[in-house]
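Trainee: One structure is given below, represented as structure tokens, and several questions about it will come after.
The values are calculated or read from the model by the stated rules, or taken from the named source; none is laboratory data. Please read these numbers as outputs of a predicted model, since none were measured by experiment. Please note: Cβ atoms are built from the backbone with ideal geometry, for glycine as well, and neighbour counts cover all protein chains shown. When the accessible area is computed, the model is the full protein with side chains, heavy atoms only, and any ligands, DNA or RNA have been set aside. Shrake-Rupley method; radii C 1.70, N 1.55, O 1.52, S 1.80 Å.
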Amino acid sequence: MDYQAFYAALKRGDVRTVYLFEGEEEYSKESALKALRAALMTGPLPVMNEATLSNPEESQVVAACETLPMLQERRLVVVRDSPLLTGKPPAGEGGDEDAPAEKPVSGDGLTAYVGRVPPSACLVFFVRGKANGARKLYKAVRDLGGVVGFDALEPETLVKWIAKELKGYGKQVDRQTAERLAFACGRELMPLKNEIAKIAAVMGERAAVAWEDIEAVATLSAEYRVFDLADKVSAGDAGRALPLMRDMLAGGEQRLMLLALLQRHYRQLLFARILTKNGRTQAEVARELGVPGFAARRLATAAGAYTLPQLRRAYLKCVDQEFWVKSGRLNEEGSLEQLVLWLLALKAEGAKA
């Protein structure tokens with residue numbers, strides 16, 4: 001089930017005896033565990049009715065679940081990052097027989113036990129990131145309907161979440177600014193929550209969030225800064241592009257990583273040019289490229305300033321530059337600067353044509 005189905009069941013009072021929380025969205029997982037804890041810990045001695053175990057023995061998990069709760073109906077047992085769910089499966093369990101096992105455990109006892117967890121207990125396996133779906137324990141919990149996925153929010157849902165968070169501070173945000181905030185700071189909810197708190201703090205009494213508020217205090221991701229850099233390069237704005245590139249390098253960003261992101265940006269510019277030339281709308285461009293609407297609009301505008309052959313040349317130059325560095329044919333030192341200067345020259349060449 002997804003997290004929305006989990007919350008709906010929790011609201012109805014439908015709490016299973018065993019769950020597995022997995023997925024990339026750590027903040028959502030912690031929030032769901034907090035909500036589950038609030039629903040179960042209704043008695044006067046909550047600390048006596050919850051056990052949190054890290055990489056426990058199977059017998060410890062069973063003992064914790066079999067312990068009766070005190071002065072309330074259910075007991076909560078949380079098992080964090082068990083290798084029974086995160087490690088490689090041993091031979092005969094869907095894994096590579098020649099691969100070394102991280103830990104000589106099978107989990108057969110716990111796999112058999114999860115179907116017998118008493119109704120007085122709620123057992124939660126909490127995994128950082130994705131669990132290993134090939135493990136026997138994973139399959140046993142899945143067959144019981146207890147796997148809850150916490151994947152990154154869809155763009156539409158994320159925009160609503162940002163608006164809701166800001167509303168809690170008495171602030172309002174329009175869709176485009178919310179999209180830009182998510183794109184600039186990343187889609188993970190915990191870092192976004194922290195950035196929203198910073199933005200709200202510096203705004204004072206003003207209610208409407210503007211991009212200037214975000215830019216003033218938010219920690220912008222490397223992906224967004226490369227997007228901004230490429231935007232300035234594609235506009236031929238050397239006066240702002242070169243200082244931005246120097247700031248990124250001085251801030252510790254690696255040239256090879258920036259080369260890869262710049263290559264991706266020019267690939268998106270090329271595809272945006274092809275799609276718009278074929279009559280696709282900006283909404284269709286956004287969907288095809290997997291970017292928010294404001295980014296699709298900027299890509300389409302920037303791509304329109306190039307001819308299709310120019311964008312092909314630019315993209316292939318980015319590919320070659322990264323390959324030459326990775327293959328040792330070109331020193332990493334100076335490689336990004338050389339590429340940015342080449343791209344600026346290409347734009348200037350197009351402006352003269």
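Trainee: When both residues are 6+ apart or on different chains and their Cβ atoms are under 6 Å apart, which pairs have a first residue that lies in the range 48-74 and is under 12 Å from residue 123 (Cβ atoms), and a second that is in a loop (DSSP other than H, G, I, E, B)?
Mentor: 65/117
Trainee: Pick from the range 11-25 the residues that are buried (at least 17 other Cβ atoms within 10 Å of the Cβ) and not β-branched (Val, Ile, Thr): which of them is nearest to residue 131 (Cα to Cα)?
Mentor: Among those that are buried (at least 17 other Cβ atoms within 10 Å of the Cβ) and not β-branched (Val, Ile, Thr), it is 22.
Trainee: Is it fair to say residue 48 is in a loop (DSSP other than H, G, I, E, B) and open to solvent by 60 Å² or more (accessible area, probe 1.4 Å)?
Mentor: Numbers: in a loop (DSSP other than H, G, I, E, B): no; open to solvent by 60 Å² or more (accessible area, probe 1.4 Å): yes.
Considered against the rule, which asks whether it is in a loop (DSSP other than H, G, I, E, B) and open to solvent by 60 Å² or more (accessible area, probe 1.4 Å), residue 48 comes out as no.
Trainee: Determine whether residue 152 is open to solvent by 30 Å² or more (accessible area, probe 1.4 Å), in a loop (DSSP other than H, G, I, E, B) and more than 16 Å from residue 60 (Cα to Cα).
Mentor: Criteria met by residue 152.
Trainee: Tally up the residues in the range 118-140 that are over 17 Å from residue 37 (Cβ atoms) and either touching an Asp or Glu at 6+ places or on another chain (Cβ under 8 Å) or open to solvent by 10 Å² or more (accessible area, probe 1.4 Å) (or both), please.
Mentor: The number of residues fulfilling the criteria is 15.
Trainee: Got a number for residues in the range 204-245 being in a helix (DSSP H, G or I), among the hydrophobic types (A, V, I, L, M, F, W, C) and farther than 15 Å from residue 265 by Cβ?
Mentor: 6
Trainee: So which helices (runs of 4 or more DSSP H) are wholly in the range 277-330 and hold at least 2 residues that are without any contact (Cβ under 8 Å) to a residue 24 or more places away in the chain and either crowded, with 18+ Cβ neighbours inside 10 Å or among the small types (Gly, Ala, Ser) (or both)?
Mentor: Qualifying helices (runs of 4 or more DSSP H): 282-289.
Trainee: Could you pull out the residue among 159, 114 that is crowded, with 16+ Cβ neighbours inside 10 Å, touching a residue at least 60 places away in the same chain (Cβ under 8 Å) and part of a helix (DSSP H, G or I)?
Mentor: 114
Trainee: Looking only at the range 222-244, filter to residues that are open to solvent by 10 Å² or more (accessible area, probe 1.4 Å) and among the aliphatic types (A, V, I, L, M); which one of those is nearest to the chain's Cα centre (by Cα)?
Mentor: Applying the filter and picking the extreme gives 222.
Trainee: Next question. How many residues, within the range 1-38, are of a type in the set (Phe, Trp, Tyr) and touching a strand residue (DSSP E or B) at 6+ places or on another chain (Cβ under 8 Å)?
Mentor: So the answer is 4.
Trainee: If you take the residues of the range 140-149 that are in contact (Cβ under 8 Å) with a residue 12 or more places away in the chain and part of a helix (DSSP H, G or I), which of them is farthest from residue 31 (Cα to Cα)?
Mentor: The extreme case among them is 140.
Trainee: Looking at 268, 254, 263, which one is among the polar types (S, T, N, Q) and open to solvent by 40 Å² or more (accessible area, probe 1.4 Å)?
Mentor: Sole residue among the options that is among the polar types (S, T, N, Q) and open to solvent by 40 Å² or more (accessible area, probe 1.4 Å): 254.
Trainee: Taking the range 153-189 on its own, how many of its residues are among the aliphatic types (A, V, I, L, M), modelled with pLDDT of 85 or more and more than 18 Å from residue 291 (Cβ to Cβ)?
Mentor: Number satisfying all stated conditions: 3.
Per-residue answers, yes or no, for (1) in a loop (DSSP other than H, G, I, E, B); (2) closer than 25 Å to residue 192 by Cβ; (3) open to solvent by 50 Å² or more (accessible area, probe 1.4 Å):
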{"residue": "32", "(1), (2), (3)": "no, yes, no"}
{"residue": "37", "(1), (2), (3)": "no, yes, yes"}
{"residue": "43", "(1), (2), (3)": "yes, no, no"}
{"residue": "53", "(1), (2), (3)": "no, no, no"}
{"residue": "56", "(1), (2), (3)": "yes, no, no"}
{"residue": "61", "(1), (2), (3)": "no, no, no"}
{"residue": "77", "(1), (2), (3)": "no, no, no"}
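Trainee: Further question on the same structure: What pairs come up if the first residue lies in the range 246-265 and is more than 12 Å from residue 229 (Cα to Cα), the second is among the polar types (S, T, N, Q) and part of a helix (DSSP H, G or I), and their beta carbons are under 6 Å apart, counting only those six or more places apart or on different chains?
Mentor: Pairs found: 255/335.
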